[in-house]
1. Could you go through region A:338-361 and let me know if any residue there is at the interface with another protein chain (Cβ under 10 Å from one of its Cβ atoms) and touching a Ser or Thr at 6+ places or on another chain (Cβ under 7 Å).
2. Can you say whether B:Lys291 is away from chain A (no Cβ under 12 Å) and under 23 Å from A:Glu73 (Cβ atoms), as far as the supplied structure shows?
3. One residue is enough: does region B:165-181 have a residue meeting the conditions over 22 Å from the mean Cα position of the chain (by Cα) and in contact (Cβ under 8 Å) with a residue 60 or more places away in the chain?
4. I'm checking my understanding of the structure. Among residues of region A:135-182 that are among the polar types (S, T, N, Q) and in a loop (DSSP other than H, G, I, E, B), which one is surrounded by the fewest Cβ atoms within 10 Å (Cβ to Cβ)?
5. Just one of (1) in a helix (DSSP H, G or I); (2) at pLDDT 95 or above; (3) over 20 Å from the mean Cα position of the chain (by Cα); (4) more than 11 Å from every other protein chain (Cβ to nearest Cβ) trips up B:Leu302, so point out which.
6. Just for region B:113-144: of the residues that are of a type in the set (Asp, Glu) and touching a strand residue (DSSP E or B) at 6+ places or on another chain (Cβ under 8 Å), which one is modelled with the lowest pLDDT?
7. Which ones in region A:160-185 are farther than 16 Å from A:Gly97 by Cα and hydrophobic (A, V, I, L, M, F, W, C)?
Protein chains: 2
Amino acid sequence: MGKDIAFELISEDATGARRGRLTTPHGTVETPAFLPVGTQGTVKAITRGELLRLGVEMILCNAYHLYLRPGPELVARAGGLHRFINWPRPILTDSGGYQVFSLESLRRIGEEGVTFRSHLDGSEHMLSPEKATEVQQQLGADLIMCFDQPVPYPADHAAVSEATDRSDRWAERCRSTHPTGGAQALFGIVQGGVSADLRRRSTERLLEIGFEGYAIGGLSVGEPRAKMLEMVRVCTELLPRDRPRYLMGVGTPDDLVHSVACGVDLFDCVLPTRLGRNGAVFVTGGRLNMKNAQYEGDFSPLDPKCDCAVCRHHTRAYLRHLYKAGEILAARLATYHNLHHYQRLMATMRSSIERGRFSTLLASMGESH
Amino acid sequence: MGKDIAFELISEDATGARRGRLTTPHGTVETPAFLPVGTQGTVKAITRGELLRLGVEMILCNAYHLYLRPGPELVARAGGLHRFINWPRPILTDSGGYQVFSLESLRRIGEEGVTFRSHLDGSEHMLSPEKATEVQQQLGADLIMCFDQPVPYPADHAAVSEATDRSDRWAERCRSTHPTGGAQALFGIVQGGVSADLRRRSTERLLEIGFEGYAIGGLSVGEPRAKMLEMVRVCTELLPRDRPRYLMGVGTPDDLVHSVACGVDLFDCVLPTRLGRNGAVFVTGGRLNMKNAQYEGDFSPLDPKCDCAVCRHHTRAYLRHLYKAGEILAARLATYHNLHHYQRLMATMRSSIERGRFSTLLASMGESH
């Protein structure tokens, strides 16, 4: 890997679950790890201090959003993204591929790149593998992603094949723009939809190019979970053991545990933060909608088995009141609790892999969810 | 005062500024003090933990809002407002008079009380001096307010006189509903618009009834500041030295300093929280609008002279970005900073009164604002 980036595989469970450690210029990340999403340079409703207290070791930011606002030049002037948002630990940026293709802002796609309109002001922009990589270089995240073309689900085999081939060609141009060995590690992104053949072909091509880590993209877009896990397994079976694997945009607690069993090391997802803002909190064994009338007079904590600050201090009845009253504090408290729930889940997974007990955890998840 | 409520006058400055200590069943409040507004049972965007870290000793909640949602019965079932919102320190509730008359929800006003429609669902409700007092008894705040009829500014003398007379008669009925000596202190509210005669008459009537403390209401509603301060002075000159004085809904930092010079002990205002959500931050000597383009590349702290967590960790450029991006974190950070600014101002005033230096502070405020 790069001179400042290293991945150490500490132990491997019989299931395929891996316990690892990623070292970056901004500190280490114990894996498997979940990255809260800080789309526009903040994990929504949460401060850096709270993230540090939660033990979060890495966050994800979106190059697309930061490219449009405040712009990579301003971030560079601030001394980079870490300085601009004052987050001292590692950051991963995605390339913008997903946003360009999903925000209905697409104008033209060609071999060179993608012309699109800003979702903010309609202005026209062009992102290419080179440009997306340069933007991420300006932002200065520790882990950066190749510019790719994800495909929606369902899509016909020919369309998936074409997009995957293009993504693979673009990955080569990203690699040329960002050679191995610096302070930023470049990840290739495996595409291929739900076709095992295309996934294998994409993985093999990326391996030929060679990246510091490998992301698995284009999943959790509506396909059945069994299919998603099958695709993850197809990829991880081919990926080198000594490189980190990152499953993009996944997922529920159940998804995380099953994907870790497939050998995934890194995850990001808006679920704990977005659901928190919308009224849902994760609790041991499930999920509650705090807006429901049944919690109106429920003076118990969100999750009686949780020891986070929200569960120690506040009741379901109070949280429901805050949601009904449209108070910002509702979003804050639920987001904090949900991130704590995810952090605790990842810590439990890491510990159970270390103790060779991950298969027991995996079996228990199947029961409780 | 009540058996659990006491007010101790520690020192008095030549200007009339007072340094005092209010003791309640939920702890003491060093005065002059500013109460952040927690309308619906939360200081908007801020947690209890943050308020405690800011050194906030008392907050205000609105009986009107809590009466409509979640309802005083639910709050009582939770064990009272302190338990429901989990705020361990003193709380002051206003009676709902101001909201009933200002939210354009008014239906009929009579000697018995006020019939109004909920601003939430249009349902019809009736608040009387007795009912408003009972609601506040159910909520269980340490300081509770008489149900009054504030008058808008400007208003003709006859209308002000009539509303003030009615408020005074209602104050007597509140007193009958809530006798002296319990764990909740009842404050009378002086009305009288901007007429010195009516202010004096109202003050004298409330003194005849006798309250644990006295609020000055119906000010900061559009009248010139000199007129407001004149009215405050008219009231405080008549009010007993051994009872706390509370100027409702005031105000800017400048207003606070000048009102303290008139002998006011307690304040509440939405200004630091509401302005924070809308993009304005208080800094030494003034106020900045963080949405302005001039802060786009300004990597200095909000207020270089401030030592709050926001100023230590974040720049104006980052805050501006958060506002432009519509992020909740903008409201959080600015609200926290603004409350810190108010807390620091009150601490400075208390210390300068103790040292007999308040007149110097007063003079310097006039210059910097």
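The values are calculated or read from the model by the stated rules, or taken from the named source; none is laboratory data. Since the structure is predicted, the reported quantities are computational estimates derived from the model, not experimental observations. Virtual Cβ from ideal backbone geometry, glycine too; neighbours counted across all protein chains shown.
1. First pass over region A:338-361, keeping only residues at the interface with another protein chain (Cβ under 10 Å from one of its Cβ atoms): none.
No, the conditions are met nowhere in region A:338-361.
2. Numbers: away from chain A (no Cβ under 12 Å): yes; under 23 Å from A:Glu73 (Cβ atoms): yes.
So B:Lys291 passes the test.
3. Filtering region B:165-181 down to residues over 22 Å from the mean Cα position of the chain (by Cα) leaves B:165-166, B:169, B:172-173, B:176-177, B:179-181.
Narrowing further to those that are in contact (Cβ under 8 Å) with a residue 60 or more places away in the chain: B:180-181.
Yes.
4. Taking region A:135-182 as the starting set, the residues that turn out to be among the polar types (S, T, N, Q) are A:136-138, A:149, A:161, A:164, A:167, A:176-177, A:180.
In the following step, the residues that additionally are in a loop (DSSP other than H, G, I, E, B) were identified as A:149, A:180.
Details: A:Gln149: 22, A:Thr180: 14.
So the residue we want is A:Thr180.
5. (1)
6. Of region B:113-144, the ones of a type in the set (Asp, Glu) are B:121, B:124, B:130, B:134, B:142.
If we keep only those that are touching a strand residue (DSSP E or B) at 6+ places or on another chain (Cβ under 8 Å) as well, we get B:124, B:142.
Numbers: B:Glu124: 93, B:Asp142: 98.
The qualifying residue modelled with the lowest pLDDT is B:Glu124.
7. A:Ala183, A:Ala185, listed by residue number.
Rundown of residues vs (1) within 20 Å of A:Leu127 (Cβ to Cβ); (2) over 15 Å from the mean Cα position of the chain (by Cα); (3) crowded, with 20+ Cβ neighbours inside 10 Å, yes/no style:
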site	(1), (2), (3)
A:Pro25	no, yes, no
A:Pro32	no, no, yes
A:Arg69	yes, yes, no
A:Val75	yes, yes, yes
A:Arg83	no, yes, no
